[in-house]
Amino acid sequence: MPNAHPPTATPIHPGWLRACHWLNALAVLVLVASGWRIYNAAPFFPFEFPKALTLGGWLGGALQWHFAAMWLLAANGLVYLLLNIASGRLARRFFPLTLRGIWHDARAALRGALAHADPRHYNSVQRAAYLFVMLDTAVLVLSGLVLWKSVQFGLLRELLGGYEAARRIHFVAMAGLVGFVAVHLAMVALVPRTLLPMLSGRAGRTDRTAHAAKEAA
């Protein structure tokens, strides 16, 4: 009797994951664009971001956009983390992770020899990158709380080295997030079939064939 629920019927990315992914993408886009406008109002480096790349029009407008996106990122990120832990996906997809594995896969990626045949499997570089962005987002939110309510979060402000130090930590965390997004988009451009599972949850025919061959091996 044929299997009524073949392995390929199981989504690579469940609906909750895809929803969290695209909500995070929206939140990050708004946060970065409005954050650049806020930075331009009082820059601490000898440069400003082009006005065309900013959001809000003026400082007050940028702050409103920024705070709205901050709550979206924090709430959605918390849901994402809790569902990853509860479903076992965090341990299954991102661990084990070793420095040797990261070094090996990074060298393979630089040689163009890193396989992407099965989107169900994350290589060590991907695991490290996704774990980094989770930690970076936490730093972004915590430092943002200090900038938002410095007096109310006085202990956190002191732990981060003061208000001005928190500003710089927030900026560095933002730069790390933008860097991750840039690399992420570059990888999608190089391996466009990885986008399909994040849209529909399913793999393309090539990926299903590769997965079936892997399971049969």
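Assign one of three labels to segment 11-216, namely rounded, prolate or oblate, based on the Cα gyration tensor with a ≥ b ≥ c the square roots of its eigenvalues; rounded applies when a/c is under 1.5, prolate when it is not and a/b is larger than b/c, and oblate otherwise. Write out the running numbers ahead of the final one.
Working: a/c = 1.97, a/b = 1.92, b/c = 1.03.
Prolate, since a/c reaches 1.5 and a/b exceeds b/c.
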Pairwise label distance in nanometres, residue 44 with residue 199, each label 7 Å out on the Cα-Cβ vector: 4.2
Dipole of segment 11-216, positive end: most advanced residue of 88, 144, 163 [Cβ charges, Cα centre]: 88
Inter-site label distance for residue 152 and residue 16 at 7 Å from Cα along Cβ, in nm: 2.8
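Assuming R0 = 25 Å, what is the FRET efficiency of residue 98 and residue 190, from their Cβ-Cβ distance, to the nearest 0.05?
0.50
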Cα-centre dipole for segment 11-216 with unit charges at Cβ (Lys and Arg positive, Asp and Glu negative), debye to 20: 540
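Bear in mind that the values in this text are calculations on the coordinates, not laboratory data. Since we're looking at a predicted model, the values are computed, not measured. Ideal geometry is used to build each Cβ from the backbone, glycine not excepted, and the neighbour counts take in all protein chains shown.
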